[in-house]
Amino acid sequence: MIAALPVALAMLPYGMVVGYASSQVGLGLAEVIGFSAIFYAGAAQLAALELLDAGAPLWVILITVIAINARLIMYSASMSQHLWTEPRAHRTAAAFVLSDHAYAVSITGILRGDKEIRPLWHFLGAAIPLWLGWQVWTVSGALAGGLVADLPHLEFAIPLAFLALLATAVTDKPTVAAATVAGALALVLVNAPANAGMPVAALSGVLAGYAVGKRGQQWA
Amino acid sequence: MGLTPTTWVVIIVGGAVTFLLRGSFLVVAERVVSTSEDRRLAFRMLPAAALAALAFPALLRPDGALELTGPRPIVAVVALVIAFWTRSLIWTIAGGLLLVVGLDALR
């Protein structure tokens, strides 16, 4: 939960840019809030707005949204391994606030964290402040306009946070292999359509880490 | 305001579809929890792989372009060292941002 606060703060520039971009294509405040609270996915929102603006049909928008947000399935799969003893209602509520940042902060908290604290509290302790922060930043962006779009250097904060969280997730040879392959492939595939590079790279990393882990078992 | 009529449809249908992705495993977690060692090993790789796939492109190729001369490669290497050395979120963000500001001042 403590780790969620700097990350929530670091999301300010991106959240404000998304809010600002939304108001620029003609969204009212209610719609900005609707996107932030119900849709709650920045990159997919920007893509959906661009398509809406261009007059694309709904099914094209939905396919794009699914492609961009497909990575959420990976987070859901990973989290399910830690939350499966919770009642379904709790897990459903948790799913609603699942995001890149919530996953990144809470999975590292769960992996290295205090075993006394239930994984669900690790997760919600990160996910709820992040969700609330996102609402505040996007609305501020819609209201305050371009003012924030060029806050110097703060665009580095989120990648730096992901890098720090990565360091806590890399603990042995298999995870080194997973991170190396995923990171390298994600860099190569950065321009793949519909952000498909990220899930493809991550799953390749999983395979690489799995292979290294299996080989380690054979030698052990 | 030409967007207005369909915007709410996109918000609600898109939000519902995204929720299905979010809930895909979590809602049925009791049925998908890994019991075999092999599956557990694969699931254990997900955090490192996902975080690396998020971090490196965001740090090095934020606009899709590859710049080898700018401050980004330096920041990436130094931040990686800080991250693994301190394993601290605050120190990595603070150190990285200070370096960015410092490199900017030197230019």
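The values are calculated or read from the model by the stated rules, or taken from the named source; none is laboratory data. The shown structure was predicted, so the numbers you read here are calculated from the model rather than taken from an experiment. Heads up, the Cβs are rebuilt from the backbone with ideal geometry, glycines too, and the neighbour counts pull from every protein chain shown.
A few notes on this one:
- Enumeration of residues in segment B:29-39 that are more than 8 Å from every other protein chain (Cβ to nearest Cβ) and surrounded by 14 or more Cβ atoms within 10 Å (Cβ to Cβ): B:ARG39
- Among all residues of segment B:65-78, there is at least one that is in contact with a helix residue (DSSP H, G or I) (Cβ under 6 Å, 6 or more places away or on another chain) and modelled with pLDDT of 95 or more.
- The set of residues in segment A:170-220 being at pLDDT below 90 and touching a Lys or Arg at 6+ places or on another chain (Cβ under 9 Å) consists of A:ASN195, A:GLY216.
- Taking each residue of segment A:171-192 that is in contact (Cβ under 8 Å) with a residue 40 or more places away in the chain and looking for partners that are surrounded by fewer than 24 Cβ atoms within 10 Å (Cβ to Cβ) with beta-carbon atoms closer than 7 Å, six or more apart or interchain, yields A:LYS173/A:VAL212; A:LYS173/A:GLY216; A:PRO174/A:VAL212; A:PRO174/A:GLY213; A:PRO174/A:GLY216.
- Out of A:LEU143, A:LEU147, A:LEU111, A:LEU154, sole residue that is under 20 Å from A:GLY19 (Cα atoms), in contact with a Pro (Cβ under 9 Å, 6 or more places away or on another chain) and at pLDDT below 95: A:LEU154
- Evaluation of A:SER76 against the conditions (1) within 25 Å of A:TYR103 (Cα to Cα); (2) in a helix (DSSP H, G or I); (3) out of contact with any helix residue (DSSP H, G or I) (no Cβ under 8 Å at 6 or more places or on another chain) shows that the sole unmet condition is (3).
- Of the criteria (1) closer than 27 Å to A:ALA167 by Cα; (2) crowded, with 24+ Cβ neighbours inside 10 Å; (3) facing another protein chain (nearest Cβ under 9 Å), which one A:VAL65 fails: (1)
- Failed criterion for A:PRO129 (all others in (1) touching a residue at least 60 places away in the same chain (Cβ under 8 Å); (2) at the interface with chain B (Cβ under 9 Å from one of its Cβ atoms) hold): (2)
- The one condition in (1) part of a helix (DSSP H, G or I); (2) surrounded by fewer than 23 Cβ atoms within 10 Å (Cβ to Cβ) that B:PRO57 fails to fulfil: (2)
- Residue check for B:LEU51: modelled with pLDDT of 90 or more and surrounded by 24 or more Cβ atoms within 10 Å (Cβ to Cβ): yes
- Close Cβ contacts (under 7 Å, 6 or more residues apart or on different chains) running from residues in segment B:29-40 that are part of a loop (DSSP other than H, G, I, E, B) to residues that are surrounded by 12 or more Cβ atoms within 10 Å (Cβ to Cβ) comprise B:VAL33/A:SER80; B:VAL33/A:GLN81; B:VAL33/A:TRP84; B:SER34/A:GLN81; B:SER34/B:ARG40; B:SER34/B:PHE43.
- The residues on offer are B:ILE90, B:ILE74, and the sole one that is within 8 Å of another protein chain (Cβ to nearest Cβ) and among the aliphatic types (A, V, I, L, M) is B:ILE90.
- Some residue of segment B:14-26 being farther than 22 Å from A:VAL206 by Cβ, of a type in the set (Val, Ile, Thr) and surrounded by fewer than 20 Cβ atoms within 10 Å (Cβ to Cβ): yes
- Residues that are surrounded by 24 or more Cβ atoms within 10 Å (Cβ to Cβ) and free of Cβ contacts under 8 Å to residues at least 24 places away in the same chain do not occur anywhere in segment A:18-31.
- B:THR6 free of Cβ contacts under 8 Å to residues at least 12 places away in the same chain, within 7 Å of chain A (Cβ to nearest Cβ), of a type in the set (Val, Ile, Thr) and assigned to a helix (DSSP H, G or I): yes
- Going through (1) surrounded by fewer than 23 Cβ atoms within 10 Å (Cβ to Cβ); (2) more than 28 Å from B:VAL100 (Cβ to Cβ); (3) more than 7 Å from every other protein chain (Cβ to nearest Cβ) one by one, A:TYR210 falls short only on (3).
- Count of segment A:32-50 residues which are at the interface with another protein chain (Cβ under 9 Å from one of its Cβ atoms), surrounded by 19 or more Cβ atoms within 10 Å (Cβ to Cβ) and hydrophobic (A, V, I, L, M, F, W, C): 6
- Checked against (1) farther than 29 Å from A:VAL18 by Cα; (2) part of a loop (DSSP other than H, G, I, E, B); (3) in contact with a Ser or Thr (Cβ under 9 Å, 6 or more places away or on another chain), A:ILE117 passes all but a single condition, namely (3).
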